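One structure is given below, encoded as structure tokens.
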Amino acid sequence: IVKRKEKHFMELHRELRTYKTFLRIPLPSQRRQTVRQTRQMPSLPRGGGDDLAREEQVSSRRRQLEDYLNKLLKMPLYRNYHATMEFIDVSQLSFIEDLGPKGLEGMVHKRSGGHRIPGLNCCGHSKICYRWSKRWLVVKDSFLLYMKPDSGAISFVLLVDREFSVKMDSKDTETQHGVRIDSLCRNLVLKFSSFRHARWWGQAIDEFVHKYGSAFLRDHRFSSFAEVQENIAAKWYVNGKVYMEDVANALEKAEEEIFITDWWLSPEIFLKRPVVEGNRWRLDSILTRKAQKGVRIFVMLYKEVELALGINSEYSKRTLLQLHPNIKVMRHPDHVSSTVYLWAHHEKIVVIDQSVAFVGGIDLAYGRWDDHEHRLTDVGSVTRTLNASAESGHVFSCLYQADVIGLMGNTRFWHGKDYCNFVHKDWIQLDKPFDDFIDRHTTPRMPWHDISSVVHGKAARDVARHFIQRWNFTKIMKPKYRSLSYPYLLPKSHSTANEIKHQVPGSVSTRVQVLRSASDWSAGIKHHEESIHNAYVRVIENSKHYIYIENQFFISCADNKLVWNRIGDTITWRIIKAHREGQKYRVYVVTPLLPGFEGDIKTGGGSALQAVMHFNYRTMVRGEHSIISQLKREMGDQWMNYISFGGLRTHAELEGKLVTELIYVHSKMLIADDNTVIIGSANINDRSMLGKRDSEVAVIFEDTETETSVMDGQEYQAGRFGLHLRLECFRIILGAKTDPSIDVTDPISDHFYKDVWLTTAARNATIYQKVFRCLPSSDVRTIPELEGYLARTGLDRDDPARAQEELKKIRGFLVQFPLYFLSEQNLLPPIGSKEAMVPMEVWT
């Protein structure tokens, strides 16, 4: 066998010699030749042919060689023979189409160190510590990697980015015959046998990357790591029902790999509800099924500070790892050895085969599943639903829903810990997922309003690239992930991104750019990125007619002391500009009526809840930096013609008793002018926007397909993506889903803004206060006033029949935001409390 190998090896050597100089393929044998010999390009026979004929001949000979090599490498006898692989400078990664065109490959000596590990000085900063290792280097269009020659295991992946550069001077490399490759995350130093050898490698790497990976080297709009991608199929989601169904269907289509990262992940949640197929559509069941079919699954979870949060990511990790060996789970950061205590990985991403990527605000976790009805109860509200439907003439459809989908009996939408109201009670005993921790007969659940999206093709590759950067960085950071069982991940090439095997139904074509908040602690990059913040500011500045915001937080208006992001100030500037120019311009802000922290608001709430309230109100109305204060200085009370703040609330009957609860707005979305949309995981606060703090991912969508709509009574070419997302949101929260007479088409007309939006919000808020005496309320300015306010009962207790009549006047879920709730109270954490001991940046 050895003799046969050697014989074929010599034949192969002779045949390749006729190609190698012509094609300039870097072969190990060239290292013994002069630079002049290696870089010569012999003349082709002219024979009367022109340049086109010459190019065709070049292409033909390239194809012949590639076909020959592919056939050779398909034969195990030669593919596994190290001399063959080294001679022709190929590896098992050379001709994988999804990894892009074949680049340079060969054996190099790599110097230790050079990683960007926050808080640590890596070995390699002193010549005393240098170690040189023999590695097989592979250059691709968007990344470099090196492997161990003996095992073929990938030892490191360096992504090409805007700071990618190749240096060959001795003062840069601190090495004789060295090449230094820089990026945002690594300084890689290589050593070669001669000056000419080093110069050839350095120039060849630089030329190849600039030729095939130039898109990754440029500065992109908003200073994003990703460029603008055209003709991307995209879809939006309002609430978790359809979102989780599409995620489940996409996971089922996975053939190679699945990436998931969440702030919180609950393995036992059902992605399709109600449950009519057993556990088939439970997240852990889906992942197990795919892993058993050979799909590799990679999950990254935020490792919380356990004393501060009860999401128990250790349980989630342990549960997933027990499902199948093909499932790998990392948690980050490590609070024991890291200096990062305050910030979180807050992204919500699901990527399938680097071809389909879900991005938004919806974690695959308890409480997130909801639909446009925003139910307060589960099993037991069927009677009320039938009565409500009868009033609106939908008896048959409701009966069909309740007998067909199985609402009767013990079938539930929310199982165990999934039925929750975290302001009433935070999660406990998450290792017992199907045990209730809230009494469903006395306490309503807190409905969840959220937004997400999906992108395909090149945009999905960009989302995957961010995930891969985080995964590979975490692998370096934490020793227990450095084993071969936790592999380095490789980004697929954009050159094959349009070969989409699964496209989510209902997608439309848009212009897309992926944005993020990332820094040294979260992604291992030298300079932080705040492209989400930059995009928000730019979109608001350039908006012509309106902006619509749904966000879990509303903390902005920079004072350059405690708050730094400029979103609130940009909104103020845009309104003042419209006022001075006599333009009609509207701003709609929808945010939770109370922050999402456990605490009894009837006694003033917990210190954490109050601290977030302080900064929300500081942005809206309180203090000289607030939006309303700035606007009043410019235009007095006319500010009300430009901006409205709202929240969401609903009601139900529970065990014969009327109940109400706020709808928790967890969205992170902005729509401008029915043609530009930002959807992601980033809240409007410094934590999400500044880049150096929480890690986030978002997508900006710009419509390229339009349809005729209305803007201020005039015909308007609105974008399909932006228009229909805005219409869906307005129909849900204003009640147009059940009352078609409510017209939400024109977002800025006086009729809509005053007679529909403001009137609905004011009427609903008044009715809820009259019926339930609910909080928060602008009638309560101090905590001592709470007791007197709550001493007076509402109609729900005094006159239930009249209360029912009043509640029939409710339309949708929108209510005015109580701008003056506890306005005379200092809401910052009191001295001595544990909340006062943490830095103020935690709350901003």
Quick check on my filter: what residues within the stretch 288-298 are touching a residue at least 40 places away in the same chain (Cβ under 8 Å) and either crowded, with 19+ Cβ neighbours inside 10 Å or among the hydroxyl-bearing types (Ser, Thr, Tyr) (or both)? VAL295, ILE297, PHE298
Counting just the residues of the stretch 463-505 that are among the basic types (Lys, Arg) and in a helix (DSSP H, G or I), which one comes out farthest from ARG516 (Cα to Cα)? LYS480
Is there a residue being in contact with a Leu (Cβ under 8 Å, 6 or more places away or on another chain), surrounded by fewer than 18 Cβ atoms within 10 Å (Cβ to Cβ) and either assigned by TED's automatic domain parsing to the domain that holds ILE748 or small (Gly, Ala, Ser) (or both) anywhere in the stretch 669-684? no
Restricted to the stretch 259-287, and to residues that are farther than 15 Å from ILE349 by Cβ and acidic (Asp, Glu), which residue is surrounded by the fewest Cβ atoms within 10 Å (Cβ to Cβ)? GLU277
Can you give me the number of residues within the stretch 811-824 that are in contact with a strand residue (DSSP E or B) (Cβ under 9 Å, 6 or more places away or on another chain) and surrounded by fewer than 19 Cβ atoms within 10 Å (Cβ to Cβ)? 1
Kindly list the number of the only condition in (1) under 18 Å from the mean Cα position of the chain (by Cα); (2) among the β-branched types (Val, Ile, Thr); (3) not in a helix (DSSP H, G or I) that fails for ILE438. (1)
Could you grab me the full set of residues in the stretch 776-819 that are among the polar types (S, T, N, Q) and touching a Lys or Arg at 6+ places or on another chain (Cβ under 7 Å)? THR793
Of all residues in the stretch 539-563 being of a type in the set (Asp, Glu) and over 16 Å from ILE451 (Cα atoms), the one that is farthest from the chain's Cα centre (by Cα): ASP559
All but one of (1) surrounded by fewer than 23 Cβ atoms within 10 Å (Cβ to Cβ); (2) at pLDDT 95 or above hold for ASP462; which doesn't? (1)
Taking the criterion of being in contact (Cβ under 8 Å) with a residue 40 or more places away in the chain, of a type outside the set (A, V, I, L, M) and over 28 Å from ASP569 (Cα atoms), would at least one residue in the stretch 703-710 satisfy it? yes
Residue check: is LEU287 within 24 Å of ILE428 (Cβ to Cβ) and at pLDDT 95 or above? no
Given the conditions (1) loosely packed, with under 13 Cβ neighbours inside 10 Å; (2) at pLDDT 50 or above, every one holds for GLY393 apart from (2)
Starting from residues that are surrounded by fewer than 20 Cβ atoms within 10 Å (Cβ to Cβ) and touching a residue at least 40 places away in the same chain (Cβ under 8 Å), keep the ones in the stretch 546-568 and report whichever is nearest to ILE748 (Cα to Cα). ALA558
Output the qualifying pairs, or none if there are none: Cβ atoms under 7 angstrom, residues six or more apart or on different chains, first residue in the stretch 518-541 and over 27 Å from VAL157 (Cβ atoms), second residue at pLDDT below 95. none
VAL160: at pLDDT below 95 and either crowded, with 22+ Cβ neighbours inside 10 Å or under 20 Å from LEU489 (Cβ atoms) (or both), yes or no? no
Do we find that ILE181 is in contact (Cβ under 8 Å) with a residue 60 or more places away in the chain, surrounded by 16 or more Cβ atoms within 10 Å (Cβ to Cβ) and among the β-branched types (Val, Ile, Thr) in this structure? no
Do we find that GLU256 is touching a residue at least 60 places away in the same chain (Cβ under 8 Å) and surrounded by fewer than 22 Cβ atoms within 10 Å (Cβ to Cβ) in this structure? yes
Looking only at residues in the stretch 278-321 that are of a type in the set (Val, Ile, Thr) and more than 23 Å from the chain's Cα centre (by Cα), which one is nearest to ARG368 (Cα to Cα)? THR319
CYS729 within 26 Å of the chain's Cα centre (by Cα), in the same structural domain as ILE549 (by TED's automatic domain parsing) and not polar (S, T, N, Q): yes
Selection from the stretch 809-824 of residues more than 19 Å from ARG773 (Cβ to Cβ) and without any contact (Cβ under 8 Å) to a residue 60 or more places away in the chain yields GLU824
Taking the stretch 259-287 and keeping residues part of a loop (DSSP other than H, G, I, E, B), under 17 Å from GLU314 (Cα atoms) and either of a type outside the set (Gly, Ala, Ser) or free of Cβ contacts under 8 Å to residues at least 60 places away in the same chain (or both) leaves TRP263, TRP264, LEU265, PRO267, GLU268, ILE269
Please enumerate the residues belonging to the stretch 751-786 that are free of Cβ contacts under 8 Å to residues at least 12 places away in the same chain and more than 21 Å from LEU662 (Cα to Cα). HIS751, PHE752, LYS754, ASP755, PRO784, GLU785
What strands (runs of 3 or more DSSP E) completely inside the stretch 609-717 contain at least 3 residues that are acidic (Asp, Glu)? 696-703
Residues of the stretch 514-545 being basic (Lys, Arg) and either on the phi > 0 side of the Ramachandran plot or assigned to a helix (DSSP H, G or I) (or both), which ones? ARG538
On the given criteria, is GLY310 part of a loop (DSSP other than H, G, I, E, B) and at positive phi? no
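The values are calculated or read from the model by the stated rules, or taken from the named source; none is laboratory data. Please read these numbers as outputs of a predicted model, since none were measured by experiment. Neighbour counts run over all protein chains shown; Cβ positions are idealised from the backbone, glycine included.
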